[in-house]
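> Quick one: the structure is below, and I'll ask about it shortly.
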Amino acid sequence: MNKVKAALFDLDGVVFDTEPQYTVFWGAQCREFHPEHPGLEHEIKGQTLDQIYDAWFNGNLKEIRPLLTDRLNAYEAQMDYQYVKGFEKFISDLREQNVKTAVVTSSNQQKMESVYRQHPEFKDLFDAILTSEDFEYSKPHPDCYLKAAARFGAMPNECIVFEDSFNGLKSGRAAGMTVIGLATTNPAEEITPLCDQVINDYLELSEYLNN
């Protein structure tokens, strides 16, 4: 870890184990509005809201986007934001070693306010929190991770990205950074080609840092 200047974390499925809850939410919406496409909620995992809207809620369904957005905001406000196992210890270890830390998420500020209400300590865990309002392009474009690296004056090869979704993993790869994939959302064997290492949680990485 000596040459690493910055550790950059996606939010859902990486900091918080929330993906199963999103599957429940989108499962209900997809069954209501796309009954012809069973299992759609699994296909859209890891996609941004704009990507989901563009692909599946266009044409005659475009008019229901405000309804879906309201439902999603209400759902996120009452979600259970539990840290992925070992995350708090791991990020504490990183900061003790003077590694800069950032959240790099496609979530918006309204969603983050729900996070802060449940976890008042959250902002203190990171040197920067970048949300959808900070980026011109969505993942898998590398824009978000390059902006985060620039925030710390770090080169891409001095950064590690932690991601779980295919779009996020591709974003970290396109940014030229080391990519650690979390098998919290997709099976390890499916994300392995896009990662330098795959983990289930942070417990093993904490052990590595302390050896």
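The values are calculated or read from the model by the stated rules, or taken from the named source; none is laboratory data. Everything quoted here is computed from the prediction, not taken from an experiment. Glycine also receives a Cβ, built like all others from the backbone with ideal geometry; neighbour counts cover every protein chain displayed. Only protein heavy atoms, including side chains, enter the accessible area calculation; ligands, DNA and RNA are left aside. Shrake-Rupley method; radii C 1.70, N 1.55, O 1.52, S 1.80 Å.
To keep it simple, each residue is scored yes or no on (1) out of contact with any Ser or Thr (no Cβ under 6 Å at 6 or more places or on another chain); (2) at pLDDT below 95.
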{"residue": "P20", "(1), (2)": "yes, yes"}
{"residue": "E32", "(1), (2)": "yes, no"}
{"residue": "T48", "(1), (2)": "no, yes"}
{"residue": "Y53", "(1), (2)": "yes, no"}
{"residue": "N60", "(1), (2)": "yes, yes"}
{"residue": "L67", "(1), (2)": "yes, no"}
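> Tell me the residue from T192, T184 that is touching a residue at least 24 places away in the same chain (Cβ under 8 Å) and polar (S, T, N, Q), please.
On the way: T192 fails: touching a residue at least 24 places away in the same chain (Cβ under 8 Å).
Exactly one of T192, T184 is touching a residue at least 24 places away in the same chain (Cβ under 8 Å) and polar (S, T, N, Q), namely T184.
> Next question, about the same structure. Quick check on my filter: what residues within the stretch 37-46 are in contact (Cβ under 8 Å) with a residue 24 or more places away in the chain and either over 25 Å from V84 (Cβ atoms) or surrounded by fewer than 20 Cβ atoms within 10 Å (Cβ to Cβ) (or both)? Please lay out each step first, then the result.
Here is the first cut: in the stretch 37-46, the ones in contact (Cβ under 8 Å) with a residue 24 or more places away in the chain are 45-46.
Correct list: K45 only.
> Can I ask one more? Could you please find all residues in the stretch 130-168 being in contact with a strand residue (DSSP E or B) (Cβ under 7 Å, 6 or more places away or on another chain), of a type outside the set (D, E, K, R) and within 16 Å of S107 (Cα to Cα)? Before you say what the answer is, go through the steps one by one.
Taking the stretch 130-168 and keeping what is in contact with a strand residue (DSSP E or B) (Cβ under 7 Å, 6 or more places away or on another chain), we get 130, 144-145, 147-149, 151-152, 154, 158-164.
Applying the additional criterion that residues be of a type outside the set (D, E, K, R) yields 130, 144-145, 148-149, 152, 154, 159-162.
The answer is L130, C144, Y145, A148, F162.
> Can you tell me which residues in the stretch 78-114 are assigned to a helix (DSSP H, G or I) and either touching a residue at least 40 places away in the same chain (Cβ under 8 Å) or open to solvent by 80 Å² or more (accessible area, probe 1.4 Å) (or both)?
F87, E88, K89, F90, I91, D93, L94, R95, E96, Q110, E113
> State which residue is least open to solvent (accessible area, probe 1.4 Å) when the search covers only the stretch 137-149 and only residues that are farther than 20 Å from Q197 by Cβ, in a loop (DSSP other than H, G, I, E, B) and without any contact (Cβ under 8 Å) to a residue 40 or more places away in the chain.
Among them, the one singled out is H141.
> Looking at D54 and the list (1) under 24 Å from A175 (Cβ atoms); (2) surrounded by 13 or more Cβ atoms within 10 Å (Cβ to Cβ); (3) among the acidic types (D, E), which single condition is not satisfied?
(2)
> Would you pick out the residues in the stretch 40-62 that are more than 20 Å from S107 (Cβ to Cβ) and touching a Cys at 6+ places or on another chain (Cβ under 8 Å)?
Once the filter is applied, which keeps residues that are more than 20 Å from S107 (Cβ to Cβ) and touching a Cys at 6+ places or on another chain (Cβ under 8 Å), the stretch 40-62 yields only L40.
> Looking at the stretch 132-150, is at least one residue under 16 Å from the mean Cα position of the chain (by Cα), under 16 Å from D12 (Cα atoms) and among the charged types (D, E, K, R)?
Checked against the condition, which is being under 16 Å from the mean Cα position of the chain (by Cα), under 16 Å from D12 (Cα atoms) and among the charged types (D, E, K, R), the stretch 132-150 yields at least one hit.
> Okay, moving on. Report, by residue number, each residue of the stretch 1-36 that is buried (at least 20 other Cβ atoms within 10 Å of the Cβ), of a type outside the set (A, V, I, L, M, F, W, C) and more than 20 Å from the chain's Cα centre (by Cα).
Q29
> Could you name every one of the helices (runs of 4 or more DSSP H) located completely within the stretch 150-211 that has at least 3 residues being farther than 18 Å from L94 by Cβ? If you could, list the steps in order and put the result at the bottom.
Working: elements: 166-174, 188-191, 203-209.
Result: 166-174, 188-191.
> Kindly provide the set of residues from the stretch 132-146 that are farther than 16 Å from R173 by Cβ and out of contact with any Ser or Thr (no Cβ under 6 Å at 6 or more places or on another chain), ordered by number.
E133, D134, F135, E136 - these are the residues of the stretch 132-146 that are farther than 16 Å from R173 by Cβ and out of contact with any Ser or Thr (no Cβ under 6 Å at 6 or more places or on another chain).
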